[in-house]
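> Below is a structure I'd like to ask you about.
All of the numbers you see were taken from the coordinates with simple rules; none came from a lab. As the structure is a computational prediction, the values presented were derived from the model and not from experiment. Neighbour counts run over all protein chains shown; Cβ positions are idealised from the backbone, glycine included.
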Amino acid sequence: MRVRTVGILSTGDMGHSVGRVLREGGFDVVTCLTGRSERTRQLAGEAEIRDIPEMDNLVREVDLILAILVPDKTIPLARQVAASIKRTGTRPAYADCNAIAPNTSKQMDEIISNAGGRYIDAGIIGGPPSQVEQTRFYASGPHEDILTQLDGYGILVRPMGGEVGRASGIKMCYASITKGTAALHAAVLTTAESLGLSRELLKELEESQGQRLQAMESIKTLSAKAFRWVGEMEEIAATYESAGVTPHFHQGAAEIFRMIADSPIGDERPETIDRNRSLEETVAIFAAYVMDKQMRESS
């Protein structure tokens, strides 16, 4: 099966960037914007991704669908696409590229395969593709070779062989370090601020943990990402639990990201984030929100 037309569902921060580099590489890239937000529509337009308003028509036209969205939307989308596959009698490949647990990916495989589609377990590592970074797409399952046709077109595809769940598993393990650490950093500094110890802690970190303090600067941008990472932490927790490891660390990380998403700056997005806000100012906002929430809940 040769891939000529790729469907991106949907064209958010990662999806529109992936669609752009694939289009620049010569693929016909399409999406379905029905029911999508104005921001998603705008990003699709910026990437010059063609809109096909009806899902049935998109499924008829594409060779490969890349599902790139937040974890809690993955199963509903798979069911929607599966229904279109059944109605149209087509057999597109469907790569779920979301941050989901291996067991969740196996559920998706059943949904798509039972409808007649070809399922690919995929996991994205790295930021959106750019001139300085080629995003890594790990792939596993019997149809992984379909996704490898995109390798070198602005992304790197790394086939893992074996059964469905391997690619999503490596994504879960990797993100549990990177995003789990970000949650820990945010929790530490928010707690220190609430205890009136920020100045002293930051001074000690500067003297003894300079590299760690530098890494903590990323907390300033979490307000634009936290809403997407809540579900990801929950999927990581489920992955750990399935392996016999406690899920509680990443359940806690999900709560930290939920707190950030619910805070006064939690509705920021990459293009609207306050780039001038310092680390100290960011943490002060989180701590004030937590303290106010505590007071409201105890009254």
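> Considering only Cα-Cα distances, which of the following residue pairs are longer than 18 Å: 106/171; 106/225; 73/106?
Values: 106/171 15 Å; 106/225 26 Å; 73/106 16 Å.
Where the Cα-Cα span goes over 18 Å, the pairs concerned are 106/225.
> For segment 70-87, list residues with backbone N below 18 Å from a point placed 7 Å from the Cα of residue 107 toward its Cβ?
Answer for this model: 70-83.
> Residue 199 to residue 177: extension gain in nm, 0.36 nm per residue of separation minus the Cα-Cα distance?
Here the segment from residue 199 to residue 177 would lengthen by 5.2 nm.
> Pairs of Cα atoms under 8 Å, at least six residues apart: use those to get the relative contact order of the chain, whole percent.
Numbers: 538 pairs, mean separation 41.0, N = 299.
After rounding, I find 14 percent.
> Using a ≥ b ≥ c from the Cα gyration tensor of segment 3-104 (square roots of the eigenvalues), is it rounded, prolate or oblate, where a/c under 1.5 gives rounded and otherwise the larger of a/b and b/c decides, a/b for prolate?
Working: a/c = 1.41, a/b = 1.14, b/c = 1.24.
Taking the square roots of the gyration eigenvalues as a ≥ b ≥ c, segment 3-104 is rounded.
> Also, I was wondering about something else. Amide H to amide H, which residues 5 or more places from residue 119 or on other chains are under 5 Å from it, using H placed in the peptide plane?
Residues meeting the criterion, in which the H sits 1.01 Å from N, are 94.
> Another question about this same structure. Can you give me the distance in nm between label points at residue 70 and residue 294, each placed 7 Å from the Cα along the Cα-to-Cβ direction?
If labels sit at residue 70 and residue 294, their model points lie 2.7 nm apart.
> To make sure I understand, if each residue's beta carbon is the centre and we count other beta carbons within 10 Å, what order do 230, 29 fall in, fewest to most?
On the way: 230 21, 29 26.
So the ranking, lowest neighbour count to highest, is 230, 29.
> Taking neighbour Cβ counts within 10 Å as the exposure measure, how do 90, 239, 34 sort from fewest upward? Working shown, then result.
Values: 90 17, 239 25, 34 11.
Ascending Cβ contact count within 10 Å gives the list 34, 90, 239.
> What is the set of long-range amide H partners of residue 64 at a cut-off below 5 Å, with H atoms built 1.01 Å from backbone N?
5, 7, 93
> Tell me the net charge near residue 19. Cut-off is 14 Å between Cβ atoms, residue 19 excluded, with +1 for each Lys or Arg and -1 for each Asp or Glu.
On the way: positive: 20, 23, 36, 41, 50; negative: 13, 24, 28, 46, 48, 51.
Around residue 19, the charge tally is -1.
> Can I ask one more? Could you compute the FRET efficiency for residue 37 and residue 4, with r as their C-beta to C-beta distance and R0 at 35 Å, rounded to 0.05? The partial results should precede the final answer.
Values: r = 29 Å, r/R0 = 0.82.
Step by step, r from the Cβ atoms, then E = 0.75.
> Right, something else. Counting only residues 5 or more places away or on other chains, whose amide H sits under 5 Å from the amide H of residue 156 once H atoms are built in the peptide plane?
It is 135, 136, 137, by chain and number.
> Next question. Would you look at the GNM of the chain, springs on alpha carbons closer than 10 Å, and say which of 97, 173, 32 moves the most?
The residue that fluctuates most here is 173.
> Another question, then. Looking at the square roots a ≥ b ≥ c of the eigenvalues of the Cα gyration tensor of segment 180-252, which shape do they give, rounded for a/c under 1.5, prolate if a/b is larger than b/c, or oblate?
On the way: a/c = 2.34, a/b = 1.95, b/c = 1.20.
Verdict is prolate for segment 180-252.
> Moving on to the next point. Suppose every K and R has +1 on its Cβ and every D and E has -1 on its Cβ; what is the size of the dipole of segment 65-187 about the Cα centre, in Debye to the nearest 20?
Working: 12 positive and 10 negative charges, 53 e Å.
Rounded to the nearest 20 debye, it is 260 debye.
> Is there a quick way to get the dipole size of the chain? I mean about its Cα centre, with the Cβ of Lys and Arg at +1 and of Asp and Glu at -1; what is the value in debye to the nearest 20? Walk me through the intermediate numbers first.
Values: 33 positive and 41 negative charges, 144 e Å.
So the magnitude is around 700 debye.
> Can you figure out the FRET efficiency of residue 243 with residue 208, using R₀ = 22 Å and their beta-carbon distance, to the nearest 0.05? Walk me through the numbers on the way to the answer.
On the way: r = 34 Å, r/R0 = 1.54.
FRET efficiency, residue 243 to residue 208: 0.05.
> Further, regarding this structure: Taking the Cα centre of the chain as the origin and placing charges on Cβ (Lys, Arg +1; Asp, Glu -1), which of 103, 249, 233 is farthest toward the positive end of the dipole?
Positive-most Cα among the choices belongs to 103.
> What number does segment 143-221 give for Rg over Rh if you use C-alpha atoms and the Kirkwood radius? Mind showing how you got there, number by number?
Working: Rg = 19.2 Å, Rh = 15.7 Å.
The Rg/Rh ratio comes out at 1.23.
> Could you go through segment 136-143 in sequence order and give the Karplus-derived ³J(HN,Hα) for each residue, using 6.51 cos²θ - 1.76 cosθ + 1.60 with θ = phi - 60°, rounded to whole Hz, and x for Gly and Pro?
Values per residue, Gly and Pro as x: 8, 10, 7, 9, 8, x, x, 10 Hz.
> Evaluate E = 1/(1 + (r/R0)^6) for residue 51 and residue 267, where r is the Cβ-Cβ distance and R0 equals 25 Å; express this FRET efficiency to the nearest 0.05. Working shown, then result.
Working: r = 26 Å, r/R0 = 1.02.
According to the calculation, E is roughly 0.45.
> Here's something else I'd like to know. How many Å³ per residue does the convex hull of the Cα positions in segment 169-298 occupy?
Working: hull volume 15.7 nm³, N = 130.
It comes to 121 Å³ per residue, whole-number rounded.
> Using the alpha-carbon centroid of each, what span in Å lies between segment 162-224 and segment 232-247?
Segment 162-224 and segment 232-247 have Cα centres spaced 19 Å from each other.
> Give me a comma-separated list of calculated 3J(HN,Hα) values for segment 106-113, in order, Karplus coefficients 6.51, -1.76, 1.60 applied at θ = phi - 60°, integers in Hz, x for any Gly or Pro.
Whole-Hz 3J(HN,Hα) from phi for segment 106-113: 5, 5, 5, 4, 5, 4, 6, 5.
> For 79, 258, what's the fewest-to-most ordering of other Cβ within 10 Å of each Cβ?
Details: 79 14, 258 18.
Arranged by neighbour count, lowest to highest, 79, 258 become 79, 258.
> Given the -39500 (n - 2.57) contribution per DSSP H run of 4+ residues, what per-residue ellipticity at 222 nm results for the chain, rounded to the nearest 500 deg cm²/dmol? Kindly include the intermediate steps, with their values, before the conclusion.
Numbers: 12 runs with 160 residues, N = 299.
Helix-only estimate at 222 nm: -17000 deg cm²/dmol.
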